[in-house]
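What follows is a set of notes on a single structure, which appears directly below.
Rule-based calculations on the coordinates, nothing more; no lab input. Small disclaimer: the values here were computed from a predicted structure and weren't measured. Cβ sites come from the backbone with ideal geometry, for glycine too, and all protein chains shown count toward neighbours.
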Amino acid sequence: MTKTQTAVDVQPVATPDDLKCFVRFPWRIYANDPYWVPPIISQIEKRLDTQRNPFWEYAERELFLARRSGEVVGTVAAIVNHQHNQQLNDQTGFFGFFETVDDEQVAEALIVAASDWLRERGKDLMRGPVNGAPTDEVGVLLAGHDRRPSIWEGHTPPYYRDLIERLGFRKYDDYFAYELWFKDLDWDLRNLPSKFLRVAEKVRSKTGVTVRKVDVNQWDSEVAKIHYLYNVAFRTIPGHTDMSLEKFSGMAASLRPFLDPNLIVIAEVDGQPVGFAVALMDLNEALCHFRSGKLYPWDLIRLKWHMGRIRTACGKMLGVLPEYRARGLEILLGLEFGQHVLGKGYERVEMSLLQEKNTMINRIVQRVGAKPYLHYRVYEKPL
């Protein structure tokens, strides 16, 4: 770690040039990291824009730049998610978009600036990294630095863990990404553990559950059903907060051009939704070929070509209403989901991010043979 006595100056982002520096700084940190997938600059700008991102309707933030001798050496965002605090009745603040050179002085200056801003707003705990909404990138990468992350997953240098822990942060929760290669099952889901196959068939025959693909011709109605299931199914996970229908619909709309309707399934009993599973094509398999963070019109042909060669489907959400748990419905959903993925020609299914506290789902994916390949940690510290 480089040590220096040169002062670090941390100031809020105040100008368009400051924002440009904030958004583009990661290219300095990851310039020589082949496993980092550069984000699309315009998308990051939209996520940070308080007028264009619905998340900021119930949250606020301040962006900070750290400079030394006029050179940008780090970034951080201080975030207050009012919806989180109202639903959980606490006073938690978050930090995100944390990027820094390998220098404890810089890291400390960034965290102090974010802490002061949160403390001024009455917060008594700081948690992170969380890059905005719970569905955005979370955590510091602890294991898997030699693997490329999938869509909606972050990538950080190994030294981030040391910097954050030296500043007094402690573990809040861990998050895992799992992978399962169909070749390990000889391309046949009947080679999954026989117990799971029996449970799935029992659930199907005795509960009257039907599992169907999403109907794209009823898009708004289907999104509303999944939004309801998302909020209700995940409320039992510590730290979960509901997402507004507007935010959820906006997220779905932004992903719709890249969604494969065969990879979204809804479980119903007597026509009423009781569970769901959603997978996305791993766009990072395509975006990793565009290192500038920009997509010009002439890049769209290349992008489409690479998208046609994506071999990973990312299972991002799987939820079951509480009253239907412990009946095996999660297993039936997972099996139906896997069958659709396999039938579409994908070679690998990735499941992420699973909170360590969500013990049931972690246990299920481990027992079907999925292996964790990325490990993240979110930290917290009293203010």
In whole angstrom, the spacing between the Cα centers of region 128-198 and region 92-111 equals 21
Computed for the chain: size of charge dipole around the Cα centre, +1 on C-beta of each Lys and Arg, -1 on C-beta of each Asp and Glu, debye to nearest 20, value 1000
Between the helical axis of 329-343 and the dominant principal axis of the chain, each derived from Cα atoms, what acute angle in degrees is found, rounded to the nearest 10? 90
Would you work out the charge dipole size for region 179-377 about its Cα centre, treating the Cβ of every Lys and Arg as +1 and the Cβ of every Asp and Glu as -1, and quote it to the nearest 20 debye? 420
Rounding to the nearest 20 debye, state how big the charge dipole of region 9-175 is about its Cα centre with +1 on each Lys and Arg Cβ and -1 on each Asp and Glu Cβ. 220
From Cα coordinates alone, what are the radius of gyration and Dmax values for region 9-175 in angstrom? 15.1, 43
Rounded to the nearest 10 degrees, the helix 245-255 long axis (Cα) sits at an angle to the longest Cα principal axis of the chain of 90
Convex hull around the C-alpha positions of the chain: the volume in Å³ per residue is 142
Go through Thr100, Val73, Gln86 and say which Cα lies farthest out towards the positive end of the charge dipole of region 9-175; charges sit on Cβ, +1 for Lys and Arg, -1 for Asp and Glu. Gln86
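With all pairs of different alpha carbon atoms counted, what Kirkwood hydrodynamic radius in Å does region 179-377 show?
Numbers: mean 1/r = 0.0560 Å⁻¹.
Result for region 179-377, one decimal place: 17.9 Å.
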Of Leu383, Thr15, Gly139, farthest towards positive along the dipole that unit charges on Lys, Arg, Asp, Glu beta carbons give the chain: Gly139
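Are there trypsin sites (Lys or Arg not before Pro) in region 328-363 that DSSP puts in a loop and that have at most 13 other Cβ atoms within 10 Å, and which ones?
Qualifying residues, ordered by number: Lys344.
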Selection from Leu167, Asn362, Trp298 lying farthest towards where the dipole of the chain points positive, charges on Cβ: Asn362
Trypsin sites (Lys or Arg not before Pro) lying in DSSP loop within region 25-84, provided at most 12 other Cβ fall within 10 Å: Arg52
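Rank-order 126-134, 219-227, 101-109, 138-146 by packing density, defined as the average count of other C-beta atoms within 10 Å over each peptide's residues, highest first.
Output ranking for 126-134, 219-227, 101-109, 138-146: 126-134, 101-109, 138-146, 219-227.
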Which order, highest average first, do 279-292, 156-169 follow once you tally other Cβ atoms within 10 Å for each residue and take the mean per peptide? 279-292, 156-169
Cα centroid separation, region 316-330 to region 252-272 (Å): 16
